[in-house]
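**Student:** This is the structure I have questions about; it appears just below.
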DNA sequence: ATGCCCTTAC
């Protein structure tokens with residue numbers, strides 16, 4: 001039998017959880033473990049680096065029961081094992097708190113290794129970010145990893161500004177730090193700032209790694225920044241980088257969300273390892289381009305290739321049905337999810353079904369689905385049903401929906417705006433006005449429409465009614481020209497049904513003409529003279545008038561215009577749209 | 001130490 005030192009040496013080389021557990025059992029049986037802190041340390045350390053780090057937790061209790069005192073080495077390993085445990089590990093959070101208290105009692109919490117491990121536990125499993133920050137500020141020394149962990153944790157919590165503060169005060173920033181920050185902005189939905197961050201990273205000569213490029217691609221996808229996304233792809237090719245499943249999926253997503261579904265497909269087909277995320281990304285990519293049946297074919301291919309769809313893959317497939325009006329197929333999928341795969345539908349799946357049914361005019365069935373579903377409907381569910389009411393001009397049901405929706409989101413404007421829209425579109429202008437007064441009383445604001453257009457790698461942003469653009473005079477002049485040409489050649493009459501403002505008719509024309517996508521298209525027509533397609537990304541869905549106008553512009557000006565709205569794509573060409581007027 | 005897909009509406 002080897003001595004304690006031999007076991008310690010053996011454990012330091014052992015990475016396999018089951019083998020470690022066997023050694024542990026032998027040490028317990030021989031009574032050796034009870035006498036040695038070093039053996040506890042070695043076991044905890046080995047387990048913390050294995051695939052089952054949570055197996056280290058009971059060892060701490062064992063150590064204390066044996067009357068042994070933890071060393072400065074015990075605590076960091078144990079804390080690491082806690083930080084890496086599966087999220088649902090019972091008692092992990094309580095153990096973390098106990099270990100922290102113990103560290104304080106023993107006067108160990110300011111040791112470099114201990115304090116860094118504590119920061120990671122606070123930022124991770126305990127979710128107590130500000131406590132982690134306090135530790136970071138009071139520790140005698142802090143490593144870069146702790147900064148990076150806290151930055152990531154703040155970013156994940158949607159506190160990008162706090163993450164940025166830490167980033168700025170870091171003594172030395174590595175590619176990991178930049179990556180944490182870029183991805184932080186992406187998670188906060190601020191792709192623009194993420195790209196800005198990446199530009200700075202390059203300016204400082206830091207070599208980008210896979211992870212940051214995944215983040216940059218996600219930022220491009222979010223922002224519709226095709227040219228920058230293509231640049232990343234070119235960079236990867238130029239450096240001969242292996243396209244991992246992470247990079248491949250990010251590329252597919254970027255191309256699809258930037259309107260280049262064929263390029264997305266090319267990358268997808270070249271990927272050797274396709275996991276369920278990769279398949280789902282491509283399925284959703286086809287879906288948002290209205291290519292529902294191809295998306296569903298892909299779903300079947302995924303199944304026959306042996307990749308098991310998960311709950312999110314079903315969301316992608318149901319979404320494909322919604323965008324292509326494939327109601328029966330959607331119902332079939334929803335059933336097969338339970339029957340074939342035993343996946344219990346979540347509220348998201350009910351959301352897809354309500355959307356699918358409601359958008360296709362089956363409002364009664366959609367309402368029934370909500371009444372039958374086993375969970376309480378959330379704002380998304382009501383929003384989906386409401387969108388159907390708007391599409392099919394059902395005032396009565398809309399009023400019912402709003403009552404429920406407003407209880408869930410009393411401070412948000414979504415329900416009010418939609419109801420006012422439905423009233424206005426049905427000619428009930430007094431009711432629409434009442435809603436507007438109510439909104440003003442409650443102090444809720446409508447999210448302003450915002451469109452961006454990427455021209456020669458620069459992203460230009462337009463907000464509805466915003467006349468502060470430096471070239472606004474040229475833009476309005478251009479709009480005037482567009483307006484008269486489409487009136488003259490195509491008989492355009494502005495569709496003012498959904499304009500809610502209490503204003504004169506000519507002013508309604510102005511209000512419509514200042515929708516953000518119209519400003520963006522006019523601007524793009526001014527500064528691009530070639531036949532390059534115009535690519536617009538909008539934060540909301542396109543209104544009927546803008547949809548109509550864009551069709552006419554594509555014909556009169558002989559330009560392809562690709563508009564990505566909140567949820568899908570519209571490719572306008574020769575006077576018609578790829579969505580077949582269904583959105 | 002960091003990274004990929006995920007339902008409504010505004």
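Each reported figure results from applying straightforward, stated rules to the coordinates on display, with no laboratory input. Source: prediction; values computed, not measured. Neighbour counts are summed over all protein chains in view; Cβ atoms, including those assigned to glycine, are modelled from backbone coordinates with ideal geometry.
**Student:** Taking only the Cα atoms of the range A:244-391, how large is their convex hull per residue, in Å³? Working shown, then result.
**Tutor:** Working: hull volume 15.9 nm³, N = 148.
Per residue, the Cα convex hull of the range A:244-391 comes to 107 Å³.
**Student:** Another question, then. Which whole-angstrom value gives the distance between the alpha carbon centres of the range A:248-318 and the range A:14-28?
**Tutor:** Value for the Cα centre distance between the two parts: 42 Å.
**Student:** Does anyone have the angle between helix A:37-48 and the longest principal axis of chain A? Alpha-carbon axes, 0 to 90°, nearest 10?
**Tutor:** In chain A, helix A:37-48 runs at an angle near 20 degrees to the longest axis.
**Student:** Can you give the translational diffusion coefficient of the range A:228-276 in µm²/s, computed by Stokes-Einstein from the Kirkwood radius over Cα pairs at 20 °C and 1.002 mPa s? Write out the running numbers ahead of the final one.
**Tutor:** Details: Rh = 10.8 Å.
The calculation lands on 199 µm²/s.
**Student:** Please give the Cα centre distance for the range A:391-421 versus the range A:109-168, rounded to the nearest Å.
**Tutor:** The distance from the Cα centre of the range A:391-421 to that of the range A:109-168 comes to 42 Å.
**Student:** Next question, about the same structure. Report, to the nearest 10°, how far helix A:175-187 tilts away from the longest principal axis of the Cα atoms in chain A, using its own Cα long axis and a range of 0 to 90°.
**Tutor:** 40 degrees
**Student:** Using only the alpha carbons of the range A:344-415, determine the length spanned along each of the three principal axes and report them from longest to shortest in whole angstroms.
**Tutor:** Cα extents, longest axis first: 32, 26, 15 Å.
**Student:** Further question on the same structure: Quickly estimate the mean residue ellipticity at 222 nm for chain A, helices only: each DSSP H run with n ≥ 4 gives -39500 (n - 2.57), and the total goes over all residues, rounded to 500. Could you put the intermediate results ahead of the total?
**Tutor:** Numbers: 30 runs with 374 residues, N = 583.
That calculation yields -20000 deg cm²/dmol at 222 nm.
**Student:** Further, regarding this structure: Where does the Debye-calculated log10 I(q)/I(0) of the range A:387-431 sit at q = 0.16, 0.22, 0.34 Å⁻¹, using only Cα point scatterers of equal weight, no solvent?
**Tutor:** Debye intensities relative to I(0), on a log10 scale: -0.36, -0.68, -1.26.
**Student:** When ranked by the protection proxy of mean other Cβ atoms within 10 Å per residue, highest first, what sequence do the peptides A:17-25, A:355-363 form? If you can, show how the numbers build up before the last one.
**Tutor:** Working: A:17-25: 16.2, A:355-363: 22.8.
By packing density, highest mean first, the sequence is A:355-363, A:17-25.
**Student:** Round to the nearest 10 and give me the degree value, 0 to 90, for the angle of helix A:191-203's Cα axis relative to the longest principal axis of chain A.
**Tutor:** Tilt relative to chain A: about 60 degrees.
**Student:** Which value does Rg/Rh take for chain A over its C-alpha atoms, Rh per Kirkwood? Each step should come with its number before you reach the end.
**Tutor:** On the way: Rg = 28.6 Å, Rh = 27.5 Å.
A ratio of 1.04.
**Student:** Now for a different question. Which order do the peptides A:388-399, A:284-295 come out in when sorted by mean C-beta neighbours inside 10 angstrom, highest first?
**Tutor:** Details: A:388-399: 17.9, A:284-295: 22.6.
The densest-packed peptide leads the list: A:284-295, A:388-399.
**Student:** Hey, another quick one. Using only Cα atoms, locate the centre of the range A:46-89 and the centre of the range A:198-243, then give the distance between them in Å, rounded to an integer.
**Tutor:** Measuring centre to centre over Cα atoms gives 38 Å.
**Student:** Right, next: For the range A:309-358, state the average projected area of the convex hull of the C-alpha atoms over all orientations, rounded to one decimal in nm².
**Tutor:** Values: hull surface 11.3 nm².
Across all orientations, the range A:309-358 yields a mean hull projection of 2.8 nm².
**Student:** Please give the contour-minus-distance gain from residue A:305 to residue A:37: 0.36 nm per residue of separation, less the Cα-Cα distance, rounded to one decimal in nm. The partial results should precede the final answer.
**Tutor:** Details: separation 268, 0.36 × 268 = 96.48 nm, distance 5.07 nm.
So the extension gain works out to 91.4 nm.
**Student:** Hey, rough spin-label estimate for residue A:328 and residue A:64, points 7 angstrom out along Cα→Cβ, what's it come to in nanometres?
**Tutor:** Result for the modelled spin labels: 6.4 nm.
**Student:** Starting from the Kirkwood radius over alpha-carbon pairs of the range A:1-101, derive D by Stokes-Einstein at 37 °C in a medium of 0.692 mPa s and give it in µm² s⁻¹. Write out the running numbers ahead of the final one.
**Tutor:** On the way: Rh = 13.4 Å.
Translational diffusion coefficient: 245 µm²/s.
**Student:** How compact and how long is the range A:135-211, expressed as Rg and Dmax of its alpha-carbon atoms in Å?
**Tutor:** For the range A:135-211, the Cα radius of gyration and maximum Cα-Cα distance read 11.9, 36 Å.
**Student:** Something else about it: In square nanometres, what is one fourth of the surface area of the convex hull spanned by the alpha carbons of the range A:343-472? Please list the in-between numbers first.
**Tutor:** Details: hull surface 45.4 nm².
The orientation-averaged projected area of the Cα hull of the range A:343-472 comes to 11.3 nm².
**Student:** Given an 8 Å cut-off on Cα distances and at least 6 residues of separation, report the relative contact order of the range A:396-500 as a percent.
**Tutor:** Details: 73 pairs, mean separation 27.7, N = 105.
Contact order relative to length: 26 percent.
**Student:** While we're here: May I ask for the Kirkwood hydrodynamic radius of the range A:46-179, worked out over all distinct Cα pairs and given in angstroms to one decimal?
**Tutor:** Numbers: mean 1/r = 0.0662 Å⁻¹.
Kirkwood hydrodynamic radius for the range A:46-179: 15.1 Å.
**Student:** Extending each Cα 7 Å along its Cβ direction at residue A:202 and residue A:409, get the distance between those two points in nm, one decimal.
**Tutor:** 3.6 nm
**Student:** Sticking with this one: If we restrict to alpha carbons, what Rg and Dmax does the range A:417-549 come to, in Å?
**Tutor:** 15.9, 49
**Student:** What FRET efficiency comes out for the pair residue A:241/residue A:192, r = Cβ-Cβ distance, R0 = 30 Å, nearest 0.05? The partial results should precede the final answer.
**Tutor:** Details: r = 25 Å, r/R0 = 0.84.
Efficiency at R0 = 30 Å is approximately 0.75.
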